[in-house]
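The values are calculated or read from the model by the stated rules, or taken from the named source; none is laboratory data. It should be emphasised that the depicted structure is a prediction, and the values quoted were computed from it without experimental measurement. Here the Cβ is made from the backbone with ideal geometry for all residues, glycine too, and neighbour counts use every protein chain on show.
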Amino acid sequence: MSDTSDAKLKGHVAIVTGASRGVGKGVALALADSGATVYITGRTARNMQSATGTIVALPCDHRDDSQVRAVFQLVGEREGRLDILVNNVWGGYENMMENGEFTWMRPFWQQPLWRWDAMFEAGVRAHYVASCLAAPMMIARGSGLIVNISFWSAQKHIANVAYGVSKAATDKLTADMAHELNEHNVAVISLYPGLVRTESVLAASAWLDLSNSESPQFVGRAVAALAADPQVMKKTGTVAVAALLASEYGFADVDGKSPRPLTLQEA
C-alpha cells in the first residue's frame, strides 16, 4: 500500500478548521505531506506553524464570524484559490471528564447543557459559516472539495443525545450543500473516522477499547485521497468511511496497519 507523501496535491490550497490538535491536526499534516499548502485555524493554532510554510497557522475562534471571515479573506488574497475545506472544528469534546467524573456517556437529563451549545455553535454552525465563505471561491474556479468530519452517531445512539443530533445535522448539511453545489463541480462529503487516538480519547482510554483505533493522520490520508480523485463528484452528497477509503485508494495508517472499517452495527 502507498502512503500520501507523493506531492499529488502540489499547488492545491486547503483550509482545515480546528486543527490545533486531534483529527484536524492529523488532516493538516497529511495534506501538507501530499504537497498542499494548508491553512489551519484554531484558538491555539500557532502551535502547528510549520517552518517550511506548507502549514500556515491562523488563530481563529469559530464562534466569532468576523474572525472566520478574516481567515478566508486572507487566504483568498494570498493564494487566489481554495481547493479543499475540511470542516473539523467541533465543540463539546473539551471536557469528557468533569470534576473527576466521565460525563460523556450520561443520559441527556444528566448532561451539562454547555455540551449541546458547544456542538452546535462551535460545530454545525461553524461548518455552515466556513462553507458559506469557501463556496464562492470554489465556484469561481469550477471545482473544489468540502469535507465535513462526522461520525456514526448520526445514524444510531452513541454516547449521548447531543452528539447524535449534532452529527445528524452535519450529514444533512452535507447532503443539502452537495445538492446546491453539484452544478458547480464542487463536491461535499461527510467523512466518518473510526475511533481516533486524539488527545481527548487517549485521556479517556481507561473506558475505551483502542484495539482497532486510527491515528489522526489516517483520517487526513482519506481526505488527501478524496482530493486527488478526479472522479470525486461521484461521491458528492454521501457519507464516506475513512477505513473503506483506505481499501479503495490503497493507503494505510502511519504505523502500516489497516484499521478495519466499522459497520453501523459495530459502531
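Is it fair to say L133 is assigned to a loop (DSSP other than H, G, I, E, B) and modelled with pLDDT of 95 or more?
Numbers: assigned to a loop (DSSP other than H, G, I, E, B): no; modelled with pLDDT of 95 or more: yes.
No.
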Exercise. Scanning for something within 17 Å of G123 (Cβ to Cβ), touching a residue at least 60 places away in the same chain (Cβ under 8 Å) and assigned to a loop (DSSP other than H, G, I, E, B), does the range 220-238 turn up at least one residue?
Worked result: no
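Would you check which residues across the range 74-116 are of a type in the set (V, I, T) and within 28 Å of A222 (Cα to Cα) and list them?
V75, I84, V86, V89, listed by residue number.
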Problem set entry | Matching entry among V75, V56 (being of a type in the set (A, V, I, L, M), surrounded by 18 or more Cβ atoms within 10 Å (Cβ to Cβ) and part of a strand (DSSP E or B)) | V56
Exercise. Any residue in the range 157-169 that is under 27 Å from S34 (Cβ atoms), in contact with a Phe, Trp or Tyr (Cβ under 6 Å, 6 or more places away or on another chain) and not in a helix (DSSP H, G or I)?
Worked result: no
For this session: Answer yes or no: is there a residue in the range 170-192 that is part of a helix (DSSP H, G or I) and touching a Leu at 6+ places or on another chain (Cβ under 7 Å).
Result: no
Exercise. Just wondering, is there one or more residues in the range 94-105 that are closer than 26 Å to A225 by Cα and in contact (Cβ under 8 Å) with a residue 24 or more places away in the chain?
Worked result: no
Seminar exercise, completed: For the range 116-175, the count of residues that are among the hydroxyl-bearing types (S, T, Y) and more than 23 Å from P230 (Cβ to Cβ) equals 6
Problem set entry | Output for the range 136-161, where each listed residue is more than 17 Å from the chain's Cα centre (by Cα), farther than 24 Å from T263 by Cβ and in contact (Cβ under 8 Å) with a residue 40 or more places away in the chain | M137, M138, I139, R141, G142, S143
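Test E183 against the criterion of being under 19 Å from V16 (Cβ atoms) and surrounded by fewer than 15 Cβ atoms within 10 Å (Cβ to Cβ), and give yes or no.
Judged against the criteria, E183 is not a match.
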Exercise. Among the residues of the range 152-162, is any at pLDDT 95 or above, over 20 Å from A19 (Cα atoms) and hydroxyl-bearing (S, T, Y)?
Worked result: no
Problem set entry | the range 214-237 - residue that is among the small types (G, A, S) and crowded, with 20+ Cβ neighbours inside 10 Å and, of those, modelled with the lowest pLDDT | S215
Problem set entry | Candidate set: the range 120-151, residues that are among the polar types (S, T, N, Q) and closer than 19 Å to V23 by Cβ; chosen: the one surrounded by the most Cβ atoms within 10 Å (Cβ to Cβ) | S150
Problem set entry | Evaluation of V38 against (1) part of a loop (DSSP other than H, G, I, E, B); (2) at pLDDT 95 or above (one fails), failing number | (1)
For this session: Evaluate the range 98-111: report whether one residue or more is surrounded by 15 or more Cβ atoms within 10 Å (Cβ to Cβ), under 22 Å from the mean Cα position of the chain (by Cα) and farther than 16 Å from D65 by Cα.
Result: yes
